């Protein structure tokens, strides 16, 4: 039985190599991902719950949290409307310049957050013509919430489009057409047929965009002017507290953000389009 | 000829979308839902609003960066890019990113392989952890790494204010790219091909090299390119651990930030333009790669 | 006429899907649009429904000019090959959809939907989701959904194309019976001539964007307008360079009037029918005979037989010439 004699060592060899590969992969992940995370939990709760609570309930931390939520919610809302609209345009319609639009959608992924900030400052800064006009009319953009929303919209722009478009393509146009022949107006067909069909993909995209928006640092750092208690978000708060040697507050806020990230991760896991779907 | 047949009988419902989704995969559809090339009033309105949104937020600001940097001529631009400080930062950024890309290529593929072909307790958890760097704010990632690999490291490894610290930070934030592009392709890979090769007498190493690897290469390349592009532009993760020391640990994004803070928009814009060009070249390369991959699949 | 499509032309880029097509669909009848894939039949159906716009030509539905009318306002029922079931709605809600859009009172909707679900034998499935139904059940649901709004015409695009052979046969018999009950003007697209012959009152043969012939199924079979229609509607073989139906060839062991000698190549038994493949004047052709005839003639490969047309299609020569 030549097969048996040659198969046995092969199986042993593949088991050994399997365990070896697994060990390498898990060790790498342990030192790069797991250990740092465990450490931050440990550092945060090193001195018990009280300092964490004190740090997180300080006026500055609460204000930063509020600013973060306002900016993130506005940015996600804007990108949801834009994302669904563009996905429908790209998947359901044909028009000149479609390929260009499609390429531009992904552009923000390639731009450094700092460059995003600089770009917005150059156009909407209070010393430019456009930015100056806005700030003269009591609506400053840079060093203020609108600029931060713009920056956050910029960095999370493709996420919802790219989550929704493939599902929209997969669902196909027939259900909508069936609704039309049954008398549904385009809006009714969208609301009652298309939207329910893409709802999980949309939720997935929105969660991705939310994660990106909550965690944005570089672009917001540039356009916000990092004004404590005014335009400071949680990520800016982390950096500012750390630079000011208030490690307890920096770690506490980091832990809060990491906790949000894990919740988001669970949501992503739950919402991610599955092969079997 | 096949396209013509499609015109008449609608294609069967699309197979469940698996794995490789081309970034540019939406182009090239023939006709709209009603098969016409007319642009109706609704589409025109949507297109107008989209163009405005994209222009106001992305295109005009980016154009302003390029304009700002080249306004005073190429000599001035070149001078701004090649100040010793900016040039050192650019060199570090590109070299570190290349290094990070290569490590990701190897480790990412390996992790994807283990996640697809191996079974062990807690695999689902590990699989979920892979996405953590995408969900975790980069500044937090930087802080977390600094806690472990900074001064007072419980492991006794201090990479703070060193180039190796920059590389570790970049490895952290780019971890998911290669894993998440290779994993679905590996899942989809027809294992009968490997069985066929084995029945023809190929050993494990030969099967991997001659059968598996050629099928993975487009995805590996795409993931590596994405990781490289991300490394080039990363700011939040590196700002704390690098300590921002010019000529030593300062990467371009951090250097741009410093120039903005010190009110040197032209210098900042010039380096930004270089980063933009590198990123665009990588994206175009990626698109070419994906077309190539799609053709082979 | 329930539907009158006049001089309809439709292009997709360089491809001409419909080339000056005119079709009249009689009221209350079950009409099949038959033809090969890419022949334009689905395009014509979608133009009637308003899902596509014709480049030129007019569509009139029940005397009302509908060429520029949106699909919402044509009041046609449309059934898609792949069902287009609303996946997130129960069977009940799917069927109720058109009525809800029309703001019909709730109790009236309930009565109508219950009635329709009984008609399509899905009353027990009312609260299931499409994913829990078989293909045949989904298609019946789609039919009930289209009928719910009492459309002027019912359009079915390859309604059985995605089903397996067994269910397909059941469903087409059932469609015929359903049509005899509800009498709504119905047009269905198919590429299966057997399906068209079995179910339809009249058939329109479309190929390469043109109407090849239209008429009753037996008319088309007996008096095909041209070689294309003849070969599309049933098996054909050649005798003396002309198309004939294999069951119209008479096989004899002795020479007789009009017979041509031929050599038997193979005798293939397909249950009741026997396929006799012969070499005639150096050309391969075949005849279809019954099992009894084959046994009586004692056919074997290599034996010589004499073949003649049993009955020449009366005017096929002149029609072929005119095509």
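The values are calculated or read from the model by the stated rules, or taken from the named source; none is laboratory data. Since the model is a prediction, treat every value here as computed from it, not as a measurement. Positions of Cβ are backbone-derived with ideal geometry, glycine not excepted, and every protein chain shown enters the neighbour counts.
A few notes on this one:
- Residue B:250, sole failed condition from (1) surrounded by fewer than 23 Cβ atoms within 10 Å (Cβ to Cβ); (2) touching a residue at least 24 places away in the same chain (Cβ under 8 Å): (1)
- Among the residues listed as C:228, C:272, the single one being at pLDDT 90 or above and in contact with a strand residue (DSSP E or B) (Cβ under 9 Å, 6 or more places away or on another chain): C:228
- Verdict on residue C:131 being within 14 Å of chain A (Cβ to nearest Cβ) and within 24 Å of the chain's Cα centre (by Cα): no
The rows are residues; the columns are (1) at pLDDT 90 or above; (2) surrounded by 15 or more Cβ atoms within 10 Å (Cβ to Cβ).
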| position | (1), (2) |
| --- | --- |
| B:35 | no, yes |
| B:43 | no, yes |
| B:62 | yes, yes |
| B:67 | yes, no |
| B:83 | yes, yes |
| B:102 | yes, no |
| B:109 | yes, yes |
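- For the range B:127-144, a tally of residues being buried (at least 24 other Cβ atoms within 10 Å of the Cβ) and more than 7 Å from chain A (Cβ to nearest Cβ) returns 2.
- Scope the range A:78-100; condition closer than 23 Å to residue A:151 by Cβ and more than 7 Å from chain B (Cβ to nearest Cβ); matching residues: A:78, A:79, A:80, A:81, A:83, A:84, A:87
- Residue identified as modelled with pLDDT of 90 or more and either outside any helix (DSSP H, G or I) or under 21 Å from residue A:142 (Cβ atoms) (or both) among B:254, B:277: B:254
- Single match in A:27, A:68 (criterion: surrounded by fewer than 16 Cβ atoms within 10 Å (Cβ to Cβ) and more than 7 Å from chain B (Cβ to nearest Cβ)): A:27
- Residue that is on the phi > 0 side of the Ramachandran plot and either assigned by TED's automatic domain parsing to the domain that holds residue A:229 or not in a helix (DSSP H, G or I) (or both), where the choices are A:143, A:134: A:143
- Residue satisfying all of: in the range C:92-120; surrounded by 17 or more Cβ atoms within 10 Å (Cβ to Cβ) and away from chain A (no Cβ under 14 Å); farthest from the chain's Cα centre (by Cα) among these: C:92
- Taking the range A:192-270 as the region of interest, the helices (runs of 4 or more DSSP H) fully inside it that hold 2 or more residues being surrounded by fewer than 24 Cβ atoms within 10 Å (Cβ to Cβ) and in contact with a helix residue (DSSP H, G or I) (Cβ under 9 Å, 6 or more places away or on another chain) are A:195-215, A:234-243.
- With respect to the conditions (1) surrounded by fewer than 17 Cβ atoms within 10 Å (Cβ to Cβ); (2) modelled with pLDDT of 90 or more, residue A:79 falls short on a single one, namely (1).
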